[in-house]
Amino acid sequence: MYLGIDIGTSSVKAILADDNGDVIECASSPLSVSRLRTLWSEQDPTDWWSATNNAVSALDLRRRHAVKAIGLSGQMHGATLLGGDNRLLRPAILWNDGRSAEQCAALEANIPDLGQITGNLAMPGFTAPKLQWVRENEPDIFEQIRTVLLPKDYVRLQMTGELASDMSDSAGTLWMDVGKRDWSDAMLAATGLNRTHMPKLFEGSEFTGELRAELAEAWGMKRVPVVAGGGDNAAGAVGVGVVRPGDAFLSLGTSGVLFLANGGYTPNPGGGVHSFCHALPGRWHQMSVILSAASCVDWVVKLCGMPDAAAMFAAIEARDAPASTEMFLPYLSGERTPHNDPNAKGVLFGLTHESDAAAIGQAVLEGVAFAFNDGMDALIDSGADVDNITVIGGGAKSHYWGKIIASVLGRPLVYRDGGEVGPAYGAARLAQLADTGASIEEICTAPAILHVEEPDDRLADRYAAHMPKFRSLYQTLKASF
């Protein structure tokens, strides 16, 4: 068996995959997010560790004993600050935190070639601007910092005692020279840090340490190796076989991602497109990111007083019609691609007396799809060629939503076995690569196709007519944000 652990935003997921690549068992443990102020988003890293123990312990003990290696994936960009003796200094500042816009502008002004070095614009979601914010607003804490870790790497520290990270996750910090796959001294210095504050870098399928003896006993495992793993999107790509140039996936998680695998480093930060290292050696990827995707469904469930997301989807599907006048801007946490606007706000527009929960829910699904279309256009403008798209993430459970997205994008969506647990499955695959020494082509195959959602021509025409309205609504309201 190979164990994959994904440190998500809403939960920690653990999966067991066998040496045939089949997912045998899954477990998860929920997490909550703290939003003490507008634009703030934080989590207590000790909650990640508690949830990891809960998720792993829920897996069958006999199967756990058969684990040969462990891989990690996780939410990117989270600033986990450690002082002496690796003690936590404050809650982790998450990827969807928008407080550091001023620090982003200063970094862009101070490092003119930032985009070429890092492959990205400076955005509040990234880790480096967060540290600059701490430096300016919490100087007592900043002075105590000895190490900065990403979320999954804090869990690694608890598992192995090692300070390590992988290329794909670290590429999302803005401290990395993404083309050279190494830390950038210039970017570190810009935020008052240096290499001693950073973990050692590894490729995603390299070993980083062994499970601590006492933890191995508690989990019912041998002292198996733990591999570097990857950021959630890169690991998700490994899980569904998006590893060759031109392969693509769409992730419907808390956030939304359009991910395109590349054979080389081709930075083009204009339009908010990201360029990162892949979780596999010598490979890179581009992606567009919307900050709120499936999380918009959770939001509208609470807004409309529905019992849960399943009930909301059931009501929407029973209605089975496009929104009439309702339109939704899904910018509940600001937006990255293409707007790079942490102050963008979610908007429900066009409500009437006939706008019930199902109609509003339909508008929310459509609004997320429209935002994905903006992201796809940004990728295409950078020279990308996006054709068939594999779907991963919890939102992949709804084929009805898939029909909407396929119709908006004008491209088929491919649903594959294991897509709902993509990042954790990819982490398990990276563990298998390290353990067996097999080739990428042998392990990172595309799982079996379960379903293909084709665009509906009638919906496509309707949604194409609505896209200009969606875009103009943001531009019209932008000044009031």
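The values are calculated or read from the model by the stated rules, or taken from the named source; none is laboratory data. Bear in mind that the values here come from a model prediction, so they are computed numbers and not experimental data. No Cβ is skipped: glycine too gets one built from the backbone with ideal geometry, and neighbour counts run over all protein chains shown.
A few points about this structure:
Matching residues to (1) touching a strand residue (DSSP E or B) at 6+ places or on another chain (Cβ under 6 Å); (2) in a loop (DSSP other than H, G, I, E, B); (3) surrounded by 23 or more Cβ atoms within 10 Å (Cβ to Cβ):
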residue: Gly422; (1), (2), (3): yes, no, yes
residue: Ala428; (1), (2), (3): yes, no, yes
residue: Gln432; (1), (2), (3): yes, no, yes
residue: Ala438; (1), (2), (3): no, yes, no
residue: Thr445; (1), (2), (3): no, yes, no
residue: Arg462; (1), (2), (3): no, no, no
residue: Pro468; (1), (2), (3): no, no, no
residue: Ser472; (1), (2), (3): no, no, no
residue: Thr476; (1), (2), (3): no, no, no
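- Single unsatisfied condition, Val12 versus (1) modelled with pLDDT under 95; (2) assigned to a strand (DSSP E or B): (1)
- Any hit, the stretch 145-157, residues being assigned to a loop (DSSP other than H, G, I, E, B), buried (at least 24 other Cβ atoms within 10 Å of the Cβ) and either in contact with an Asp or Glu (Cβ under 7 Å, 6 or more places away or on another chain) or not assigned by TED's automatic domain parsing to the domain that holds Trp219 (or both): yes
- Ser32 of a type in the set (S, T, N, Q), under 21 Å from the mean Cα position of the chain (by Cα) and not in a loop (DSSP other than H, G, I, E, B): no
- Test: Gly83 is surrounded by 23 or more Cβ atoms within 10 Å (Cβ to Cβ), touching a Leu at 6+ places or on another chain (Cβ under 8 Å) and on the phi < 0 side of the Ramachandran plot: no
The rows are residues; the columns are (1) outside any helix (DSSP H, G or I); (2) touching a Pro at 6+ places or on another chain (Cβ under 7 Å).
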| residue | (1), (2) |
| --- | --- |
| Gly271 | no, yes |
| Phe276 | yes, no |
| Ser292 | yes, yes |
| Met312 | no, no |
| Ala344 | yes, no |
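- One residue from Glu206, Glu217 being surrounded by fewer than 24 Cβ atoms within 10 Å (Cβ to Cβ), without any contact (Cβ under 8 Å) to a residue 12 or more places away in the chain and assigned by TED's automatic domain parsing to the domain that holds Met76: Glu217
- Residue match in the stretch 293-315 (condition: closer than 26 Å to Gly236 by Cβ, among the charged types (D, E, K, R) and surrounded by fewer than 24 Cβ atoms within 10 Å (Cβ to Cβ)): yes
Residues checked against (1) farther than 16 Å from Ser324 by Cβ; (2) at pLDDT 95 or above:
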{"site": "His353", "(1), (2)": "no, yes"}
{"site": "Ala363", "(1), (2)": "no, yes"}
{"site": "Gly367", "(1), (2)": "no, yes"}
{"site": "Phe372", "(1), (2)": "yes, yes"}
{"site": "Met376", "(1), (2)": "yes, no"}
{"site": "Asp385", "(1), (2)": "yes, no"}
{"site": "Asn388", "(1), (2)": "yes, no"}
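- From the list Val273, Val242, the one residue that fits, being crowded, with 23+ Cβ neighbours inside 10 Å, more than 19 Å from Gly422 (Cα to Cα), of a type in the set (Val, Ile, Thr) and touching a residue at least 12 places away in the same chain (Cβ under 8 Å), is Val273.
- Residue check, Val226 under 22 Å from the mean Cα position of the chain (by Cα) and either of a type in the set (Gly, Ala, Ser) or over 26 Å from Leu379 (Cα atoms) (or both): yes
- Those residues of the stretch 165-184 which are buried (at least 24 other Cβ atoms within 10 Å of the Cβ) and outside any loop (DSSP other than H, G, I, E, B), in sequence order: Ser165, Asp166, Met167, Ser168, Asp169, Ser170, Met176
- Filter result for the condition that a residue is touching a residue at least 24 places away in the same chain (Cβ under 8 Å) and over 27 Å from Leu329 (Cβ atoms), over Gly230, Gly256: Gly230
- Residue satisfying condition, being among the basic types (Lys, Arg), surrounded by fewer than 20 Cβ atoms within 10 Å (Cβ to Cβ) and either farther than 30 Å from Ser439 by Cα or within 19 Å of the chain's Cα centre (by Cα) (or both), within set Arg62, Arg90: Arg90
- Residues of the stretch 229-258 classified as within 13 Å of Gly172 (Cβ to Cβ) and not hydroxyl-bearing (Ser, Thr, Tyr), total: 7
- The stretch 355-371, residues that are outside any loop (DSSP other than H, G, I, E, B) and of a type in the set (Asp, Glu): Glu366
- Looking at Ala363, Ala323, Ala314, Ala309, just one residue is under 17 Å from Ala294 (Cα atoms) and in contact with a helix residue (DSSP H, G or I) (Cβ under 6 Å, 6 or more places away or on another chain), and that residue is Ala309.
- Some residue of the stretch 426-448 being within 19 Å of Ala363 (Cα to Cα) and hydroxyl-bearing (Ser, Thr, Tyr): no
- When the stretch 185-203 is filtered for residues that are in contact (Cβ under 8 Å) with a residue 60 or more places away in the chain, surrounded by fewer than 19 Cβ atoms within 10 Å (Cβ to Cβ) and not in a helix (DSSP H, G or I), only Gly192 remains.
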